[in-house]
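Below is one structure; the comments refer to it alone.
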Amino acid sequence: MTIWYMTFSAVFLSAVLCQILIPFAWQTNLLDEPCNRKQHNGSIPLVGGIAIYMTAVIILPFVVPMSLDVRLFLIAAGFMVFIGVLDDRFDLNVGLRFTAQLLTAAVVVFGAGAYLENLGDLVGLGNVELGYFAMPFTLLAMVAAMNAYNMIDGIDGLLGSLALVAFLSIAVLAALNHQVLPLYVGLTISGAIIPFLVRNLGLRNRLIRKIFMGDAGSMFIGFTVVWCLIVLTHPEKLAEASANTNNGMSEVRPVAVLWVIAVPLMDMIAIMIRRMLKGQSPFVADREHLHHIFLRAGFSDRQALFYISLLALLLAAFGIMLEVIKVPEPIVLMLYLGIFIFYLLALKNIWRIVSWIRQKREVEVS
């Protein structure tokens with residue numbers, strides 16, 4: 001199966017599954033109802049994540065060898081989607097959801113041995129080996145990514161757009177390093193996201209019903225992104241899945257993959273730090289995420305979506321460029337931390353910045 005045929009098949013299959021799952025959502029009350037924090041119109045089916053996962057489960061066995069590692073990944077991802085569906089339907093408490101996320105990550109970390117052994121040459125003195133902390137670190141990384149994508153899901157199209165940027169970036173890095181498995185996974189899920197985005201953005205055609213990704217989708221996206229990034233940085237761990245196509249296969253430096261998920265990761269860490277400095281729980285819901293800041297600055301939902309997605313795309317492209325030209329890892333890390341520190345400082349003075357932007361926009365309009 002060619003790459004283009006595989007991708008178009010994923011687009012078509014996902015579109016069909018979205019249509020099939022909408023009646024299921026109404027029958028089971030798997031719906032997102034408007035409330036104080038969710039200001040959409042009417043009940044919206046939460047089936048986007050299920051459709052994307054099912055597309056991957058159906059397509060991937062035809063394009064990659066179903067090694068034990070890959071099967072464990074699909075099983076673990078399925079469990080995560082199931083927990084996400086329960087969370088969407090019954091609103092599980094934070095502790096139960098966190099435990100389920102850890103158990104899901106443990107399946108691939110301990111069962112398949114997919115974990116980060118080192119962080120690369122971050123300080124110019126050789127690879128930073130994780131040793132006994134390798135598995136716990138990977139578990140926390142997976143849980144962090146699942147929650148980062150869950151937290152960023154605040155306006156129509158944002159989660160899908162950032163996920164699309166991440167998986168296309170994974171596909172590009174995989175192609176550049178001759179890694180077939182993450183290439184096929186990245187393109188398959190990218191294709192599956194497109195029909196969801198069409199529906200999620202709410203086209204005016206009434207025949208196309210709006211849907212949301214749901215916690216099932218956001219947690220599946222975060223889990224799969226980190227799994228793909230582990231494969232990219234440690235391709236030998238899943239060599240069996242690429243046994244016939246690993247000629248010239250090379251690994252991606254760990255610091256490069258940070259750029260793939262820069263926006264959701266930075267947003268989550270910055271918000272959690274800000275909440276703790278206020279004496280609040282880092283998991284309490286609020287309206288201070290990046291998209292909320294854009295909205296308070298006077299931008300529309302679509303404008304906020306465009307600028308945040310563009311930022312994610314530019315950061316990912318910049319990170320890929322740094323990897324291609326092999327900029328020393330300490331410099332790549334310093335650039336990343338520099339952007340993050342700038343973001344933290346901006347957050348500290350965010351309402352002054354927002355007021356200034358609103359004044360500028362009002363002057364331009366008048």
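The values are calculated or read from the model by the stated rules, or taken from the named source; none is laboratory data. Quantities reported herein were computed from a predicted structural model and do not represent experimental measurements. Counting neighbours? That spans all protein chains shown, and the Cβs are built from the backbone with ideal geometry, glycine included. With ligands, DNA and RNA removed, areas are computed over all heavy atoms of the protein, side chains included. Shrake-Rupley method; radii C 1.70, N 1.55, O 1.52, S 1.80 Å.
Using only the Cα atoms of the stretch 62-144, build the gyration tensor, take square roots of its eigenvalues as a ≥ b ≥ c, and label the shape rounded, prolate or oblate: rounded if a/c is under 1.5, else prolate if a/b is larger than b/c, else oblate. Numbers along the way, then the final one.
Details: a/c = 2.92, a/b = 1.48, b/c = 1.97.
Verdict is oblate for the stretch 62-144.
Suppose each label sits 7 Å from its Cα in the direction of the beta carbon; what would the L335-V57 distance come out to in nanometres?
The two pseudo-label positions are separated by 4.0 nm.
With a 1.4 Å probe and all protein chains left in place, how much accessible area per residue does the chain have, in Å²? Walk me through the numbers before you get to the answer.
Working: 17110 Å² over 366 residues.
Ligands and nucleic acids excluded, the figure is 47 Å² per residue.
At 222 nm, what value in deg cm²/dmol follows for the chain if DSSP H runs of at least 4 each add -39500 (n - 2.57) and the sum is divided by all its residues, to the nearest 500? Show your work: numbers first, answer last.
Details: 14 runs with 243 residues, N = 366.
Rounded to the nearest 500, the figure is -22500 deg cm²/dmol.
Once you put a point 7 Å from the Cα of W26 and another 7 Å from the Cα of A317, both along the Cβ direction, what distance in nm separates them?
Spacing of the two 7 Å Cα→Cβ label points: 4.2 nm.
Rounded, prolate or oblate: which fits the stretch 117-196 when a ≥ b ≥ c are the square roots of the eigenvalues of the alpha-carbon gyration tensor, with rounded for a/c under 1.5 and prolate only if a/b beats b/c?
Numbers: a/c = 2.55, a/b = 1.49, b/c = 1.72.
It is oblate, given that a/c is not under 1.5 and a/b is not larger than b/c.
Quick one, could you list the DSSP H helices from the chain stretching 20 Å or more along their long axis (Cα atoms) with average Kyte-Doolittle hydropathy of 1.6 or above? Walk me through the numbers on the way to the answer.
On the way: long enough: 3-28 (36 Å, 1.42); 48-63 (23 Å, 2.13); 68-90 (33 Å, 1.44); 134-151 (25 Å, 1.14); 158-176 (27 Å, 2.59); 180-200 (30 Å, 1.48); 214-233 (29 Å, 1.66); 262-277 (22 Å, 1.40); 301-324 (34 Å, 1.54); 329-348 (29 Å, 1.89); 350-365 (22 Å, -0.28).
Helix filter hits for the chain: 48-63, 158-176, 214-233, 329-348.
Using alpha-carbon pairs under 8 Å, 6+ residues apart, how would you state the relative contact order of the stretch 109-182 in percent? Mind dumping the intermediate values first?
Details: 43 pairs, mean separation 13.0, N = 74.
For the stretch 109-182, the relative contact order is 18 percent.
Simple spin-label model, 7 Å along Cα-to-Cβ: R302 to S281 in nm?
Spacing of the two 7 Å Cα→Cβ label points: 3.8 nm.
So, with a 1.4 angstrom probe, what is the percent of accessible area on the chain that is carbon and sulfur? Mind showing how you got there, number by number?
Details: 11310 of 17110 Å².
Carbon and sulfur: 66 percent of the exposed surface of the chain.
Using a Cα distance threshold of under 26 Å, what count of lysine pairs results for the chain when pairs must be 8 or more residues apart or interchain?
Working: K38/K210; K38/K278; K38/K348; K237/K326; K278/K348; K348/K360.
Taking the chain as the scope, the lysine pair count is 6.
Normalised by the residues of the stretch 84-217, what does the relative contact order come to in percent, with Cα pairs under 8 Å and at least six apart? Intermediate values should be presented prior to the final figure.
Values: 114 pairs, mean separation 31.0, N = 134.
With pairs under 8 Å counted, the relative contact order is 23 percent.
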